[in-house]
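The values are calculated or read from the model by the stated rules, or taken from the named source; none is laboratory data. Please read these numbers as outputs of a predicted model, since none were measured by experiment. Here the Cβ positions follow ideal geometry from the backbone for every residue, glycine too, while neighbour counts run over all protein chains shown.
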Amino acid sequence: MTLSLTVTDSADPADVEAIGRELTAFNDADVGPSGRRPVVVLVRDEAGDLKAGVSGYTAWGWLYVQWLFVAPDLRGQQMAAKMLTAAEDEARRRGCHGAFIDTFNPAAETAYRRQGYEIFGELTDFPPGRRRLFLQKKL
């Protein structure tokens, strides 16, 4: 069998989907189905414009907060805490026992720690001059 290895920044979406499908099948056989479901929290103003939001998912009893955004005019008003609480409450309803999030922003670290998250891992110089922190919380 002859194999080829390709490195690209423009993969066919069907190939990327196949990677996910194959990994999911492997993991399902190895540890059982993840039960992965998206979790999204949206904050809109009276005009319907998105002002803040959380996007992540629940799987294997955990909430993963992948993205958390707060518009500049809402920062400092505990909006991250309100959204995290909403996402955590939904995760509990789904039977989750823990949550995790990562950041390289010092202000976000402060907000997450205030919310009860604790650091469990760190990458230095990611990005250069900063540290990427991985935080978790029992739900």
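Being part of a helix (DSSP H, G or I) and of a type in the set (Ser, Thr, Tyr) is the filter; apply it to the range 89-139 and report the residue that is surrounded by the most Cβ atoms within 10 Å (Cβ to Cβ). Restricting to residues being part of a helix (DSSP H, G or I) and of a type in the set (Ser, Thr, Tyr), the top hit is Tyr112. Of all the numbered requirements in (1) under 22 Å from Tyr117 (Cβ atoms); (2) touching a helix residue (DSSP H, G or I) at 6+ places or on another chain (Cβ under 9 Å), Pro38 misses one, and that requirement is (2). Evaluating Thr103 against the criteria (1) farther than 27 Å from Arg130 by Cα; (2) touching a Leu at 6+ places or on another chain (Cβ under 8 Å) leaves one unmet condition, (1). Summed over the range 1-29, the residues that are surrounded by 10 or more Cβ atoms within 10 Å (Cβ to Cβ) and among the hydroxyl-bearing types (Ser, Thr, Tyr) give a count of 1. Flag not set for Ala99, criterion: on the phi < 0 side of the Ramachandran plot, at pLDDT below 95 and touching a Lys or Arg at 6+ places or on another chain (Cβ under 9 Å).
For Lys51, state whether it is touching a helix residue (DSSP H, G or I) at 6+ places or on another chain (Cβ under 8 Å), closer than 30 Å to Thr24 by Cα, basic (Lys, Arg) and at pLDDT 95 or above. When the stated conditions are applied, Lys51 does not pass them. Among the residues here, Gly116 qualifies as modelled with pLDDT of 95 or more and either within 26 Å of Ser34 (Cα to Cα) or touching a Pro at 6+ places or on another chain (Cβ under 7 Å) (or both).
Within the range 53-85, being in contact with a Gly (Cβ under 8 Å, 6 or more places away or on another chain), of a type outside the set (Val, Ile, Thr) and either surrounded by 15 or more Cβ atoms within 10 Å (Cβ to Cβ) or within 15 Å of Asn105 (Cβ to Cβ) (or both) holds for Ala59, Trp60, Trp62, Leu63, Tyr64, Gln66, Trp67, Leu68, Phe69, Met83.
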